[in-house]
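The next block holds one structure in the form of structure tokens; read it before the comments.
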Amino acid sequence: MDGVTRIGVSLEPELLKEFDKLISKKGYVSRSEAIRDLVRDSLAENEWKNDKEYMSGVIVMVYEHEVTGIGEKLTVLQHDRMQNINTSIHVHLDHDRCMEVIIVEGELGQLKALANDISAVKGVLRCKLTMASRSTGHLHHIGSRS
Ligand code: NI
């Protein structure tokens with residue numbers, strides 16, 4: 001592989017044994033691949049702690065449109081946070097349920113708060129926030145009531 005630096009990692013036998021078990025369970029072809037994923041996850045997790053990090057993402061929600069007041073609540077919520085919302089797409093799933101995909105951008109803390117507020121609306125069955133960091137491209141998922 002080009003542009004890859006080899007590093008040596010020392011592990012206690014017990015830890016290595018547990019790690020190899022995990023690797024085979026998850027179907028990794030090599031320890032290197034597993035370690036790369038762990039490092040990426042760890043870096044991504046660290047970004048999650050920075051509520052000021054600027055992110056782009058989507059909120060996907062499924063809701064029951066016949067629940068009293070839900071349409072208005074969701075509309076007011078989105079107008080209140082329009083600085084974080086680029087656009088939204090509405091899909092009528094079946095007779096009772098709608099799916100809405102909202103394209104969002106802003107500080108992590110703002111996007112998490114928006115997704116939380118949406119998931120708290122009565123009649124929202126599922127609400128999930130997926131984001132990509134602007135600086136690293138790492139993907140993040142937050143599932144609330146999913
Ligand atoms: Ni609909």
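Every read-out reported here was derived from the displayed coordinates using simple, explicitly stated rules and does not represent laboratory data. What you see is a predicted model; the values in this text were computed from it and never measured. For neighbour counting, all protein chains shown are included, and Cβ atoms are generated from backbone atoms with ideal geometry for every residue, glycine included.
Below are the figures for this structure:
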read-out: Sequence-distant residues sharing a close amide H with Glu53 (under 5 Å, placed H); value: Leu108, Gly109
read-out: Per-residue HN-Hα couplings for segment 51-56 [Karplus 6.51, -1.76, 1.60; θ = phi - 60°; Hz; x = Gly/Pro]; value: 5, 8, 4, 8, 10, 10
read-out: ³J(HN,Hα), Karplus 6.51/-1.76/1.60, whole Hz, each residue of segment 126-138, x for Gly, Pro; value: 9, 8, 9, 10, 10, 9, 10, 5, 5, 8, 10, x, 5
read-out: Gaussian network model of the chain, Cα within-10 Å springs - most flexible of Met55, Met131, Met99; value: Met99
read-out: Other-chain or far-sequence residues with amide H under 5 Å of Ile85's (modelled H); value: Glu105
read-out: Separation in nanometres of the label points that stand 7 Å from Cα toward Cβ, at Arg134 and Val76; value: 3.0 nm
read-out: Formal net charge of residues neighbouring Tyr54 (Cβ-Cβ distance under 10 Å; K, R +1; D, E -1); value: -1
read-out: GNM top mover of Gly69, Gly27, Gly123 - the chain, alpha-carbon springs below 10 Å; value: Gly27
read-out: Where the Cα pairs of the chain fall when distances are cut into 10 Å bins, in %; value: 10, 32, 24, 19, 12, 4, 0
